[in-house]
Amino acid sequence: MENKIKGIHHVTAISGSAKRNVNFYTHTLGLHLVKKTVNFDDPKTYHLYYGDQTGSPGTILTFFPWEGITTGRRGARQVTEIGYSVPQGSFEFWLKRLEDHNIIHNKIAEKFGEQYLTFLDPDGLKFELTVAKNEDTRLPWETTEIKVENTIKGFHQITITTNKMEPTARILTEVLGFKLLAQSVNRYRFITDSVANANIVDLVEVAGEIAGQIAGGSVHHVAFRVSNEKTLMEYRDIIAGMGIHITDKIDRNYFYSLYFREPGGVLFEIATDNPGFAVDEPADELGTHLMLPPQYESRRSEIERALPQLY
Ligand code: ZN
């Protein structure tokens, strides 16, 4: 196919308190809240999007925050780690910042020749900050406390834990255009060369691992990126042709999507670059307004009253 999957588009996870979520991702990690909208299936809960200045694909982490939700459990058939890329020389800053904010973290470690730092968000979602081998030239989103030399640049990799890596590996390589790059014990690293960043998926094979439970602090799905709807629908034909159930095209306001469950049990989405986050508010005001999809606009005041305070 001429237009390939361009790495990771976004990752969607579930959290508890929306207010704590906003504070952690915008203040502690210094990400940009690029969109404040509601769950299209449940408009009295938020859907929050964090990324770089414009919400570029490959930088977008989204949350459905449910106040008081029980905590999930990491396990097989899940995305179990979200990896961000940070600049060379920034670990000293990040170690101190994680300490200062009482964030649970590990010591700096190394895999596949890259140093990384593991931490948990307030709901227990697992992250890694990695200094990528190849310099990450993506533009920084700076805050008053986190400047260009330390900013999170966007995704580096995601990790899927699986009982048997082969069926998922086949989807990655035969459908999504990834190649096996390296193996270390039970971790298999896949990469696509169609983009320079946010292009790595690690499969960790643990035969006896019980299935994870998706609730607070866990990943709901990962979305892979295509340029446009034409390519999206070409992938739909390929995946449906393999006998895998895949949804029709769904309009997510900021992108168009398809969803299917890969054979390893993880919900995969394919999402387009178009139209992007500036479709319903000015590019320099992203994330500052509560944006509702057209079907809920007439219920705005009721929805605003029901949503929790964010600040
Ligand atoms: Zn999604």
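If you go through the range 217-237 one residue at a time, do you hit one that is open to solvent by 20 Å² or more (accessible area, probe 1.4 Å), within 15 Å of the ligand (Cβ to nearest atom) and in contact with a helix residue (DSSP H, G or I) (Cβ under 6 Å, 6 or more places away or on another chain)? No: the range 217-237 contains no residue that is open to solvent by 20 Å² or more (accessible area, probe 1.4 Å), within 15 Å of the ligand (Cβ to nearest atom) and in contact with a helix residue (DSSP H, G or I) (Cβ under 6 Å, 6 or more places away or on another chain). Within the range 238-265, being open to solvent by less than 50 Å² (accessible area, probe 1.4 Å), of a type outside the set (A, V, I, L, M, F, W, C) and over 18 Å from the mean Cα position of the chain (by Cα) holds for T247, G264.
Pairing residues of the range 7-26 that are in a helix (DSSP H, G or I) with residues that are at pLDDT 95 or above and within 16 Å of the ligand (Cβ to nearest atom), at Cβ distances under 6 Å and at least 6 apart in sequence or on separate chains, gives A18/Y46; A18/P65; N21/S15; N21/F63; N21/P65; Y25/Y50. If the condition is being away from the ligand (no atom under 16 Å from the Cβ), open to solvent by less than 20 Å² (accessible area, probe 1.4 Å), under 21 Å from R170 (Cα atoms) and not in a strand (DSSP E or B), then the range 180-216 contributes T192, N199. What residue, of Y259, Y311, is modelled with pLDDT under 95 and outside any helix (DSSP H, G or I)? Answer to the selection: Y311. For the criterion of being touching a residue at least 40 places away in the same chain (Cβ under 8 Å), touching a strand residue (DSSP E or B) at 6+ places or on another chain (Cβ under 8 Å) and open to solvent by 70 Å² or more (accessible area, probe 1.4 Å), R299 passes.
The values are calculated or read from the model by the stated rules, or taken from the named source; none is laboratory data. Bear in mind that the values here come from a model prediction, so they are computed numbers and not experimental data. No Cβ is skipped: glycine too gets one built from the backbone with ideal geometry, and neighbour counts run over all protein chains shown. Just so you know, the surface numbers come from the protein's heavy atoms only, side chains and all, with ligands and any DNA or RNA stripped out. Shrake-Rupley method; radii C 1.70, N 1.55, O 1.52, S 1.80 Å.
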